[in-house]
Structures are given as C-alpha cells and as structure tokens.
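Reading through the structure tokens given below for one structure.
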Amino acid sequence: MAIAGPDGVDAAIKAGVDLDGSPIPAEKLNLYNEVMDLESQRARSGVLKSMRNRVVKTGAKHFDQETLNQRLLAAGWDGLKAKEIAFYFS
C-alpha cells in the first residue's frame, strides 16, 4: 500500500494495515478507534487555533525552528511558544 499525503495514514488505518502491508492487531485498532471516536465528540476551540496547531506539529518536521517561526509570524499567527520549541526542537 502506497501511503502519501495527509490522508494516507488514515486510509491505511481504515484498511487495517501498516505501511509494510502487515495487519494492524485488532486490539490496537480498537483502542485507536475508541480514542478517535471520543475525540470526534470533543468541543473545538476554533478553526484557526486548530490550523495553527497542525501547522506547528507538521511544520516542525519540515522546517527548522527559525524558518517555522518566521512563517507563522508572516502568516499572522503567533510565533512559536516556549513549550512548542521545547517539544519539537529540543
């Protein structure tokens, strides 16, 4: 199974297989699905906040700290917070 893009992992989980094609154990799928179901019921605090969180989480994999910080600021969001720097860049 070729996995690419933001929905690739979701497609693999839905198919019940890992990236190497091996089946995901039912216990792991069950727990994952239970937690995701609970998460889907949680009230959200706003789309812009969720967008920023996703940009930071994923952007930290693709940009260095200074670049991501500058890109956030240029887009009109707050720059990286100390806890984000500690978590993603330390």
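A short reminder: the numbers here are calculations on the coordinates, not readings from a lab. Because the structure is a prediction, the values reported are computed rather than measured. A quick note on method: Cβ atoms are made from the backbone with ideal geometry, for glycine too, and the neighbour counts reach across all protein chains shown.
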Review point. Along the charge dipole of segment 1-76, which of V17, A74, F63 sits closest to the positive end, that is, farthest toward it, with unit charges on the beta carbon of Lys, Arg, Asp and Glu (+1, +1, -1, -1)?
Key: A74
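Lysine pairs, Cα distance under 14 Å, 8 or more residues apart or cross-chain: how many in the chain?
Counting lysine pairs in the chain gives 5.
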Point to revise | Per DSSP, loop trypsin sites (Lys or Arg not before Pro) in segment 41-90 with at most 16 further Cβ within 10 Å | key: R42, R44, K81
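Can you tell me the equivalent ellipsoid semi-axes for segment 47-89? Use √(5λ) from the Cα gyration tensor, largest first, whole Å.
Details: eigenvalues 40, 26, 19 Å².
Output for segment 47-89: semi-axes of 14, 11, 10 Å.
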Practice item. Neighbouring Cβ atoms within 10 Å as the yardstick, rank Y88, Y32 fewest first. Key: Y32, Y88
Review point. To the nearest 10 degrees, how steep is helix 47-62 against the longest Cα principal axis of the chain, on a 0 to 90 scale?
Key: 90 degrees
Point to revise | Computed [θ] at 222 nm, helices only, for the chain once each DSSP H run of length n ≥ 4 contributes -39500 (n - 2.57) | key: -20500 deg cm²/dmol
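Considering Cα pairs under 8 angstrom that are at least six residues apart, work out the relative contact order of the chain and quote it in whole percent. Could the numbers behind the result be given before it?
Numbers: 38 pairs, mean separation 13.6, N = 90.
Computed value for the chain: 15 percent relative contact order.
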Check your understanding: Hey, could you pull the Cα Rg and Dmax for the chain, both in Å?
Key -> 16.4, 44
**Study point:** the chain: angle of helix 26-41 to the longest principal axis, Cα-based, in degrees nearest 10
**Key:** 50 degrees
Point to revise | Rounded to whole Hz, the Karplus (6.51, -1.76, 1.60) HN-Hα couplings of segment 7-24, x for glycine and proline | key: 9, x, 5, 4, 5, 5, 4, 4, 6, x, 10, 7, 4, 8, x, 6, x, 7
